[in-house]
Amino acid sequence: MRVIIGWLVVALASCEIPSKEPPADSASLADTAGSSESTDSHGGDQISEETGVDTSSAEEDGDATQAETIAEDATTDMMTDLDHAEVAPIDPCDPDPCLDAAASHCDVYRTALVSHPSTCTAVDGMPVCERAQVSAPCEAGELCLDRACTPVASRCEFPIVGQLAVTTWIDFGDQALFPDPATCEREDACCRDWDGDGFIDNALGDTFRELATILGPSAAIWEGVVARGPPLLELRGVDDWADDPEVELIGYAGSQYRPDDGTVVVGADGFEPGTNLPPVSGWGRIEGGVLHVEDGYLRTVVGPPHAPVVMEYRQLHVEARVTPDGEHGGFAADGVAGARGAKVSGLIARDAIFTGLNQHGFDFCRCISFDDVDEPFIDLAAGQCHPPESRAPTDGCVESDSLCELLEGPFCDFLVARFQPDIDTNGDGRFDAISVGQWTTLVAVRMREVEDCP
Ligand SMILES: [Ca+2]
Ligand SMILES: [Ca+2]
Ligand SMILES: [Ca+2]
């Protein structure tokens, strides 16, 4: 454990490390990024409203109608004083300029269809559009796919109709041990500045880098993930690989990837446990050959097979240069402008990561017992480990799992302190999500079958 002291020393670089406290006057992430719909559209009906004014078409139509009316009057009643001509009242909502409101779409978890019914109201001769957001849950046994609730009786019937890519490499973004001495900015560009302070935020990547002396290099952790069940990404609705304003992203866990013939199996565990839900979901666009996904969802599993730690990324962002394999099908995804790889980033809820660590403790750690068998290693409310006196060491027990050694030992609080949230998503002045960014590369692949399906 001497190495832990070493990290603290390493952190004392000559450059000033920017404060991670949220500026008192800064807008919260909730104010500046994303819509409320994307972050909280799971579950039952909800309605929010936004108001927009679209006057361009109505103005054109109105002008044309008015000109027509005046011309008609002038022609049919030349002798009448124009001051007395009657001009038909113009309805700015006819034709209805609000009908081009955002089309319906599936919610990010694919359990509901979200629509935006609109109404047009004339205010001072101008059309004002009011758009509601209505979330209609799909029936049991249905999934929302391609803008419709669709029966999917089992994962074996999940329609995989798009282009596939299989992950060949992942690593956490590494904000570098030392900032660039010239700029005092950290050098790794993965992946996203969530709070708008000018610095990339990747608290989880930083944490894994600092824990590398105990847990091993993060690239090695991900190598195990890729070897065991490489994430598959599917792009649906691609009409143009250079520029397409709307594409859909869905992901699964792959299995039995064969580089020689470029095929893969969709793993039996390639869906959310006990459901038909895909563990990756989102929408995006392709601009200049670069895929941009915002506000998606990703569930990933890190750690060795005997000790998985499940992590859910919310507000998933992807930036990747995508290239179709015209000959064999599928697409490759890589970094933009010489980056190490495609950027995949998101936010993990504070409680989710502590729950994941607790679950890991319950499932895999054997050398500690609590008086209360249901007591977790980490107190969620306090965000800290239960004190050592509440735990009873099991004599003679040997843990093979280094994460368990940390959870059980005196460094538990240190570990938990490293997994602290750094982003305030709801503007209440309290950090509630931990930023994460990872590099990844994917190659084109075709599906052989869905594992263990008739
Ligand atoms: Ca930042
Ligand atoms: Ca499209
Ligand atoms: Ca907060």
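Derivation of every value follows stated rules applied to the coordinates shown; laboratory data play no part. Treat the numbers as computed from the prediction; the structure is a model and nothing was measured. Every residue, glycine as well, gets a Cβ built from its backbone with ideal geometry; the counts of neighbours run over all protein chains shown.
Assorted remarks:
- The stretch 106-169-the stretch 405-454 distance, computed between alpha-carbon centres (Å): 26 Å
- Residue 328 paired with residue 154, simple spin-label distance in nm, labels 7 Å along Cα-to-beta-carbon: 3.0 nm
- Approximate spin-label separation residue 134-residue 398, in nm, with each point projected 7 Å along Cα-to-Cβ: 6.5 nm
- Cα shape, the stretch 265-392, gyration tensor, a/c 1.5 rule: prolate
- Relative to the current alpha-carbon distance between residue 258 and residue 121, full extension at 0.36 nm per residue lengthens the span by 43.4 nm.
- Distance from the stretch 209-270 to the stretch 333-361 (C-alpha centre basis), Å: 13 Å
- Computed E for residue 380/residue 428 - FRET, C-beta separation, R0 22 angstrom, nearest 0.05: 0.80
- Label point at residue 355 placed 7 Å out along Cα→Cβ; residues across the stretch 366-387 whose backbone nitrogen lies under 19 Å: 374-386
- FRET efficiency estimate (nearest 0.05) - Cβ-Cβ, residue 370 to residue 103, R0 45 angstrom: 0.30
- Nearest-20 debye value, the stretch 158-454 charge dipole, Cβ charges on Lys, Arg, Asp, Glu: 540 debye
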